[in-house]
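Here is the structure we will look at.
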Amino acid sequence: GESVGLHLPTLSVQEGDNSIINCAYSNSASDYFIWYKQESGKGPQFIIDIRSNMDKRQGQRVTVLLNKTVKHLSLQIAATQPGDSAVYFCAAAWGSSYKLIFGSGTRLLVRP
Amino acid sequence: DVKVTQSSRYLVKRTGEKVFLECVQDMDHENMFWYRQDPGLGLRLIYFSYDVKMKEKGDIPEGYSVSREKKERFSLILESASTNQTSMYLCASSLRSLTDTQYFGPGTRLTVL
């Protein structure tokens, strides 16, 4: 079946460095991708999304890159701050399907 | 800003009890979703609703039912709670198309003893 996986369960970075969180998906028909941030004790918070007709999309301090050839997307966080510490999920959907397939999450730890 | 609220942050119930989890959104969203989140398993869809009184099963509907009598409110019901339903329950809503961005509530951590 379809799956979405993150490459690392935990990522530790120094405050001020850039963070890169990677995600792979299995369904080549996936055409919508979304990144969520979940802080401890809270629900997932929308960060940024991208559709398959784009390779890159930028937000405030975040960039999502999509490589459809290898079915891979990444979330880049510039100048990582302590407030960025959280679990990050990617999710994928396709066509008119309602269903978001979620990855298991990468925990980002920011060292002072 | 989209606001999705859930009736309880923490809930402790006993095996066999009937449990109601309530979710309310204030942005006139058509679609609402219930997920459970468990360590190592990620988010799994229980049920979703695309209109008042309309519902569809997700991936793990067994042991659950839902109710959507008003557009802004979506309830998850555990008819007879069991210990394997101990989990974090997350409600989400999206605007119109089922592929519109889903916005989540804060979650309800349910413990069934």
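A count restricted to region B:72-94 and to residues that are part of a loop (DSSP other than H, G, I, E, B) and either of a type in the set (D, E) or surrounded by fewer than 16 Cβ atoms within 10 Å (Cβ to Cβ) (or both) stands at 4.
Note on region B:36-87: residues that are within 9 Å of chain A (Cβ to nearest Cβ) and touching a Gly at 6+ places or on another chain (Cβ under 8 Å) amount to 5. Checking each residue in region B:15-35 for being under 22 Å from B:I60 (Cβ atoms) and of a type in the set (D, E, K, R) picks out B:E17, B:K18, B:E22.
Looking only at residues that are part of a loop (DSSP other than H, G, I, E, B) and under 26 Å from A:G16 (Cβ atoms) in region A:71-85, which one is most open to solvent (accessible area, probe 1.4 Å)? So that I can check it myself, show each step before the final result.
So in region A:71-85, the residues part of a loop (DSSP other than H, G, I, E, B) come out as A:71, A:78-81, A:85.
Filter again for under 26 Å from A:G16 (Cβ atoms), leaving A:78-81, A:85.
Details: A:A78: 41, A:A79: 45, A:T80: 1, A:Q81: 85, A:S85: 44 Å².
Ranking the candidates gives A:Q81 first.
If you go through region A:35-55 and keep only what is farther than 16 Å from B:R9 by Cβ, open to solvent by less than 60 Å² (accessible area, probe 1.4 Å) and in a strand (DSSP E or B), you end up with A:W35, A:Y36, A:K37, A:I47, A:I48, A:D49, A:I50.
So which of A:Y88, A:Y25, A:Y32 ends up being touching a residue at least 60 places away in the same chain (Cβ under 8 Å), open to solvent by 10 Å² or more (accessible area, probe 1.4 Å), within 14 Å of chain B (Cβ to nearest Cβ) and in contact with a Lys or Arg (Cβ under 9 Å, 6 or more places away or on another chain)?
Working: A:Y88 fails: open to solvent by 10 Å² or more (accessible area, probe 1.4 Å); A:Y32 fails: open to solvent by 10 Å² or more (accessible area, probe 1.4 Å).
Result of the check over A:Y88, A:Y25, A:Y32: A:Y25.
The values are calculated or read from the model by the stated rules, or taken from the named source; none is laboratory data. Note that this is a predicted model, so its numbers are computed, not measured. Ideal geometry is used to build each Cβ from the backbone, glycine not excepted, and the neighbour counts take in all protein chains shown. Only protein heavy atoms, including side chains, enter the accessible area calculation; ligands, DNA and RNA are left aside. Shrake-Rupley method; radii C 1.70, N 1.55, O 1.52, S 1.80 Å.
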